[in-house]
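The values are calculated or read from the model by the stated rules, or taken from the named source; none is laboratory data. It should be emphasised that the depicted structure is a prediction, and the values quoted were computed from it without experimental measurement. Cβ placement follows ideal geometry from the backbone for every residue including glycine, while neighbour counts extend to all protein chains displayed.
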Amino acid sequence: MNGPGLGVRLMFWQSTAMHLRRRGTAGGAMAFVIYVFLVMVSIAMAQAQDSAPAESSSAHPETPLPSSIQQGSVDQKVTNPCSLRAPDNISQSPAMGKQASMTIGTFAYTPLSAHCKFHLFLKSTYSPYTFASAGFQATWAHAMGQWPHYGGGAQGWAKRFGATLANTESRRFIQTFALSTILHQDPRYFPSHKRTFISRACYAATRVVVTRNDNGDSAFNTSEFLGALFASSLENSYYPRHDRTFADTMNRFGGALSSDAITDLLREFTPDMKRLFRRHAPKKIRRIEEKLPIPAEDKP
């Protein structure tokens, strides 16, 4: 696992944490959180580097790709394997090689590589929805007087926007890439195959608790809970001093879990809303939509 390089990084970060710990109790607690965070990043990056040779060997011409991607039906587009929403309509076909797909339910499950997990983090980082959501939350917090120590006016709004954006980015990095790579869990959302609205909504809301391991089995979503807890603690490094209490940290932790539950609900029902909009949208709107630079997986 990149032994020498990893050891040097850990020694450097440990000495940094010891230096910060001398600055007092609050500094020591923050140093511990930052130290654990940096250790997670180092381990995740080391695992990503170690998995690179395996990925390159799996791409050898003698190793066939999954037949669901090789053949593909005429009326079905090839889905992006590095998508936050796992495909739900891939035909069941056996595959060979190290990256062989495992059939689960009605779709063929293929584990995500560390490269794909990092790609998911980058995709969410540069997504316009991330900035739009941060802007909306900053505007709401500004209007409701949250974080009063940030002040008012444009400067106060900018501080709230920066804090909200930092919250989202740090949590996505810890959950989607670092912890999911270390714990071998899949950060994607797997759509429900239930039919009723209530059952689908319950399934989506509980995905913050249940996820899949890289072997395809259901498991407790450890990366979600630990990621939300680490990110909520890390926020104490840039939040106003009066908002760094234990109660505030736990409140942010609960808010992060509820926010991810709402996101999973949107991922479950967004395709239905897209199809409904597509069915009733005027032709002019459809033509404009086709000209927009929207990724294929986000189109209705």
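The sole residue among 286, 278 that is in contact with a Lys or Arg (Cβ under 9 Å, 6 or more places away or on another chain) and more than 30 Å from residue 205 (Cβ to Cβ) is 286.
The set of residues in the range 169-196 that are crowded, with 22+ Cβ neighbours inside 10 Å and hydroxyl-bearing (Ser, Thr, Tyr) comprises 176, 180, 181.
If only residues of the range 176-212 that are basic (Lys, Arg) and in a helix (DSSP H, G or I) are counted, the one that is nearest to residue 117 (Cα to Cα) is 207.
Evaluating residue 166 against the criteria (1) within 30 Å of residue 148 (Cα to Cα); (2) hydrophobic (A, V, I, L, M, F, W, C); (3) buried (at least 22 other Cβ atoms within 10 Å of the Cβ) leaves one unmet condition, (3).
Here is the figure for the range 222-237: residues that are free of Cβ contacts under 8 Å to residues at least 40 places away in the same chain and hydrophobic (A, V, I, L, M, F, W, C) total 2. Of the residues examined, residue 195 is one that is basic (Lys, Arg) and more than 26 Å from residue 236 (Cβ to Cβ). Within the range 144-155, residues that are assigned by TED's automatic domain parsing to the domain that holds residue 244 sit with their Cβ atoms under 7 Å from residues that are assigned to a helix (DSSP H, G or I), at 6+ positions apart or across chains, in these pairs: 147/141; 147/160; 147/243; 149/242; 150/156; 150/159; 150/160. On the given criteria, is residue 206 of a type in the set (Val, Ile, Thr) and surrounded by fewer than 18 Cβ atoms within 10 Å (Cβ to Cβ)? In short, yes. Sort out which residues of the range 238-285 are over 21 Å from the mean Cα position of the chain (by Cα), surrounded by 13 or more Cβ atoms within 10 Å (Cβ to Cβ), assigned to a helix (DSSP H, G or I) and in contact (Cβ under 8 Å) with a residue 40 or more places away in the chain, and write them in order of number. Result: 243, single match.
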